[in-house]
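To start, the structure itself, in structure tokens.
Bear in mind these aren't lab numbers, they're just calculated from the coordinates by the rules spelled out. Predicted model, so just to flag it, every value in this text is computed and none were measured. Cβ placement follows ideal geometry from the backbone for every residue including glycine, while neighbour counts extend to all protein chains displayed.
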Amino acid sequence: MHLDDQSTLDLIGDPLSSFFQNGPDTYDWIMQQVIKPPTTGDLQDMTIAFWQIEIITDVGISVNTVTDSVKLLRVVNADFPVARRFNDDQLCEKLLSMIEHGSKMFALEAKKELDSIEGVPGTPGVRQFQLAAPLAGGPRPRDFNGIIMFWQGQWESAVKSNALPPAAATGQAGKARRRHTLNVVSDQAFSLLADAERAPVAPPPFVRGGSPSRTLVELTEAGYSLTRGTVTTSDWRLAGHAELARSSIEGDGGDEFSVEFCFDADDQMSIELLCHNCGGAGHPARLCPSPKKLRTSQFLIALHTSAAKRKEENGLTKYGASVGGRRPPPRGQRTPFKPMPKRFSASTPFRKFLPGNAPGARPDAVDVLMDGELEAVRYLAEYEQVRVGGEADYAC
């Protein structure tokens, strides 16, 4: 310990002081001066920070992800007063939740163990990792060491086999700002935290304002690399920072959404958030107002193709003007659309595609176009040619 405060040095060096040559009492007194107990507000902020720890944003993906996650949880937990620290059962549940959110490869098994109940081993629905019942009675505690050893082995094998690509932690960028932006009632949030809620509370809808393109910063903070001038009509704050970070690594947003892009006739790049429930743009599945029913891509393409044909036959657009004098489409929405720009550069598209023979590599976007999608694109191209020819005849 190094002291540079002269008043403190004079006090402990005074032969008449009770601290003179009394190391233990001097140390305890100094600790009381420099270490202040956290206030109620501090404890609330610390609790929120603890439950927001995730593998994608705070730990990263490596062969030691699970053990590093445990170390981080223990370090954060040690900052709490002894009476407010989380027990091993709560640490187990937080670790399982992090594994569930960290990779869809282990999500199902981790959630199964997380949601299993305490009971007689071998009984259906009972935890796989639990200790013997205490002699004094009470529920069986979770086997923290068993969970660590099992999941560390599973995670390490996945990374070494390239089934789970290594990635650095994306960092906490955006978390602090979003915590102050969300309109969350503190009493409700902390009542859930006090009950050791296993899953993060879904945020309420954001108060939208300004251009959606301003929310593209959420994508860059999550690890996406966007070209200058990229446009969007989606509010990317609705997707969630952790989910976007995972999608930038694994290529999709799980069961909630997908991140898709295209280029219009001017090579203008557009990127959109597509719901996995209704197929619409601008929201994830958990915020979708439509019933949870399966809607295939071909079905949605057929619906949009039918709607475009009906508007053409009625001679109206959605703006209520005639076809010849309709409002021009905004940036990024001029037909015909294409999966790649005419002038391809290394900076586009935003995703870093793997080699064709790499594990988990995705086929080229052109190869995955279905017959229905090709028909829709061909129809839109013919429609645009007819419209332009009609306008030229009208001008003559």
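Label points 7 Å out from Cα along the Cβ direction at Arg286 and Asp25: separation in nm?
Simple spin-label model gives 5.6 nm for this pair.
In nanometres, what is the gap between the two model label sites at Ser17 and Met105, each 7 Å from Cα along Cα-to-Cβ?
If labels sit at Ser17 and Met105, their model points lie 5.8 nm apart.
What net charge is computed for the residues neighbouring Gln130, neighbours being all others with C-beta under 15 Å from the C-beta of Gln130, Lys and Arg scored +1, Asp and Glu -1? Before the final figure, lay out each step's value.
Values: positive: Lys112, Arg127, Arg140, Arg142; negative: Asp88, Asp89, Glu93, Glu113, Asp115, Glu118, Asp143.
After counting each charged neighbour, the total is -3.
What does the charge count near Phe80 come to, summing +1 for each Lys or Arg and -1 for each Asp or Glu among other residues with Cβ under 13 Å from its Cβ?
With Lys, Arg at +1 and Asp, Glu at -1, the net is 0.
Rg to Rh ratio, the stretch 40-194, alpha-carbon atoms and Kirkwood radius?
My calculation of the ratio gives 0.98.
Mind giving me the FRET efficiency for Ala136 and Arg84? R0 is 22 Å, r the Cβ-Cβ distance, nearest 0.05 is fine.
The formula returns an efficiency of 0.40 here.
Would you please give the FRET efficiency between Gln6 and Leu72, computed as 1/(1 + (r/R0)^6) with r the Cβ-Cβ distance and R0 = 51 Å, to the nearest 0.05?
Computed FRET efficiency for Gln6 and Leu72: 0.85.
Using label points projected 7 Å from each Cα along Cα→Cβ, tell me how many nm separate Ala265 and Thr123, to one decimal.
Label at Ala265, label at Thr123, 6.9 nm between them.
Arrange the peptides 95-102, 25-32, 132-139, 163-170 so that the one whose residues have, on average, the most other Cβ atoms within 10 Å appears first.
In decreasing order of mean packing, 95-102, 25-32, 132-139, 163-170 become 95-102, 163-170, 25-32, 132-139.
Determine the sum of side-chain charges near Gly60: Lys and Arg each +1, Asp and Glu each -1, restricted to other residues whose C-beta is under 11 angstrom from that of Gly60. Intermediate results must be reported in sequence, preceding the final value.
Numbers: positive: none; negative: Glu54, Asp58, Asp68.
Here the count lands on -3.
Using packing as a proxy for protection, rank 34-47, 77-90 so that the peptide with the highest average count of other Cβ atoms within 10 Å comes first. List each step's numbers first, then the result.
Details: 34-47: 11.4, 77-90: 12.9.
Ranked from most to least packed, the peptides come out as 77-90, 34-47.
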